[in-house]
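Engineer: Below you'll find the structure I mean.
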Amino acid sequence: MSVALPSVATSRPTVSFELMPPRNPSAAPKFWGVAERLVAARPDFISVTYGAAGNDRHTAREVVARLLRETPVLPIAHLTCVGAARHDVAEIIDDFLSDGVRSFLALRGDPPVNHPDWQPDPDGLTSSDALVALLREVEAERCAAHPGNALRSAARPLTIAVATFPGGNPAAGTTPEQEVQRLLEKQQAGADFAITQLFYEAETYVAFVDAARAAGVTIPILAGLLPMTEPRRLHRVEELTGVPVPRHVLPALEAAPDDAARHAIGVARTVEVARAVLDAGAPGLHIYTFNKHEAALDLLEGVHLGGGATDASDLARGPRVSASTERDG
């Protein structure tokens with residue numbers, strides 16, 4: 001049976017998207033056009049990325065605030081900590097909380113590129129589980145300092161998501177087994193649910209979740225998927241994440257006569273993966289959109305998930321995340 005966080009019963013898998021804030025004002029109209037199309041699909045939440053070292057901190061904050069103010073869809077604010085002093089991260093958390101943000105995706109983040117002599121701040125946070133703990137600490141301090149904050153916290157509890165890497169994290173040199181242990185530590189620090197880094201084979205997700213459950217991880221683990229429609233995008237993602245391009249799909253994409261054919265092939269293959277992980281008990285899908293709506297919405301159509309019946313009143317309960325449907329065997 002599926003249950004929602006914190007207590008809303010449902011049988012429909014969770015549907016969510018990731019958006020990246022526009023890099024400059026000229027890109028904003030196109031970005032908000034895509035956001036409007038995704039919001040119309042009534043996802044359970046939309047996560048808004050936050051660059052390494054907070055490079056797009058202000059833009060991300062503006063996007064989250066607008067989604068909160070103008071849409072019925074819950075935004076989740078990404079938050080990174082690498083390279084920043086602890087007091088600076090605490091200030092950023094306080095700013096988001098003052099804006100009314102109650103849901104976060106806590107990430108370590110990546111060190112800045114092209115800076116071979118870079119060193120982390122000696123007073124900085126070095127892991128996402130430390131960031132989860134700091135989020136809980138700042139929230140507790142705010143509640144202790146002001147009764148209004150305590151009432152808000154009681155009505156809308158803070159919800160914290162974390163990332164996990166089902167195939168291991170090539171950038172960090174970790175194995176899937178090590179990532180299971182890391183996820184357990186994040187859960188122990190106070191994480192409410194996890195979202196996987198992208199993967200291209202259903203078995204990668206299924207094996208990881210099985211190992212995580214055996215190790216004592218109980219929080220929901222959403223399956224993060226990137227629609228396999230653009231070869232250039234897949235190659236770029238491999239460069240950024242170290243996750244290999246799906247070699248069995250790439251030849252068909254590159255041999256396709258036009259963009260429409262590539263789109264159809266890529267969506268069909270991604271739908272196969274999505275169906276397999278949902279059949280295996282995944283609580284839902286988190287779609288990496290790269291600020292494009294077509295493939296994301298076609299993927300949802302392919303698995304017959306058109307978003308939920310969420311309305312503005314649901315935002316008080318935090319992101320609706322279904323629990324995994326455990327398999328027999």
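Engineer: Could you go through segment 292-305 and let me know if any residue there is open to solvent by 40 Å² or more (accessible area, probe 1.4 Å) and modelled with pLDDT under 70.
Structural biologist: Within segment 292-305 (the criterion being open to solvent by 40 Å² or more (accessible area, probe 1.4 Å) and modelled with pLDDT under 70), the answer is no, since none of the residues qualifies.
Engineer: So, one more: Here is a list of conditions, (1) surrounded by fewer than 22 Cβ atoms within 10 Å (Cβ to Cβ); (2) modelled with pLDDT under 95, and residue 14 meets all of them except one; can you say which number that is?
Structural biologist: Residue 14 satisfies every listed condition except (1).
Engineer: Take the residues in segment 159-177 that are in a loop (DSSP other than H, G, I, E, B) and aliphatic (A, V, I, L, M); name whichever of them is most open to solvent (accessible area, probe 1.4 Å).
Structural biologist: For segment 159-177, the residue satisfying everything is 171.
Engineer: Here is a follow-up. Just checking, which of 180, 217 is at pLDDT 95 or above, in a helix (DSSP H, G or I) and surrounded by 15 or more Cβ atoms within 10 Å (Cβ to Cβ)?
Structural biologist: It is 180.
Engineer: Counting just the residues of segment 48-81 that are open to solvent by less than 20 Å² (accessible area, probe 1.4 Å), assigned to a loop (DSSP other than H, G, I, E, B) and closer than 22 Å to residue 321 by Cα, which one comes out modelled with the highest pLDDT?
Structural biologist: 73
Table: residues versus (1) in a strand (DSSP E or B); (2) modelled with pLDDT under 90; (3) open to solvent by 30 Å² or more (accessible area, probe 1.4 Å).
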residue: 96; (1), (2), (3): no, no, no
residue: 105; (1), (2), (3): yes, no, no
residue: 111; (1), (2), (3): no, yes, yes
residue: 114; (1), (2), (3): no, yes, yes
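Engineer: For segment 133-183, how many residues meet the condition of being among the β-branched types (Val, Ile, Thr) and in contact with a Ser or Thr (Cβ under 9 Å, 6 or more places away or on another chain)?
Structural biologist: Counting residues in segment 133-183 that are among the β-branched types (Val, Ile, Thr) and in contact with a Ser or Thr (Cβ under 9 Å, 6 or more places away or on another chain) gives 5.
Engineer: So residue 23 clears everything in (1) over 26 Å from residue 194 (Cβ atoms); (2) of a type in the set (D, E, K, R); (3) at pLDDT 95 or above except one condition, right? Which one?
Structural biologist: For residue 23, the failing item is (3).
Engineer: Here is a further query. State which residue is farthest from the chain's Cα centre (by Cα) when the search covers only segment 183-203 and only residues that are assigned to a loop (DSSP other than H, G, I, E, B) and of a type outside the set (Ser, Thr, Tyr).
Structural biologist: 201
Okay, residues lined up against (1) open to solvent by 30 Å² or more (accessible area, probe 1.4 Å); (2) within 30 Å of residue 175 (Cβ to Cβ); (3) among the basic types (Lys, Arg):
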| site | (1), (2), (3) |
| --- | --- |
| 243 | no, yes, no |
| 250 | no, yes, no |
| 256 | no, no, no |
| 261 | no, no, no |
| 268 | yes, no, no |
| 272 | yes, yes, no |
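Engineer: What's the number of the condition residue 192 fails, among (1) open to solvent by 40 Å² or more (accessible area, probe 1.4 Å); (2) on the phi > 0 side of the Ramachandran plot; (3) touching a Leu at 6+ places or on another chain (Cβ under 9 Å)?
Structural biologist: Against the list (1) open to solvent by 40 Å² or more (accessible area, probe 1.4 Å); (2) on the phi > 0 side of the Ramachandran plot; (3) touching a Leu at 6+ places or on another chain (Cβ under 9 Å), residue 192 comes up short only on (2).
Engineer: Filter segment 40-53 for residues that are closer than 26 Å to residue 13 by Cα, in contact with an Asp or Glu (Cβ under 9 Å, 6 or more places away or on another chain) and hydrophobic (A, V, I, L, M, F, W, C) and give the result.
Structural biologist: Listed by number, the residues that qualify are 46, 48.
Engineer: Among (1) at pLDDT 95 or above; (2) surrounded by fewer than 15 Cβ atoms within 10 Å (Cβ to Cβ); (3) farther than 20 Å from residue 179 by Cβ, there is one condition residue 227 misses while meeting the rest; what is its number?
Structural biologist: (2) is the only condition that residue 227 fails.
The values are calculated or read from the model by the stated rules, or taken from the named source; none is laboratory data. All figures in this text were calculated on a predicted structure; none of them were measured in a lab. All Cβ positions, even for glycine, are placed from backbone atoms using ideal geometry, and neighbour counts span all protein chains on display. Only protein heavy atoms, including side chains, enter the accessible area calculation; ligands, DNA and RNA are left aside. Shrake-Rupley method; radii C 1.70, N 1.55, O 1.52, S 1.80 Å.
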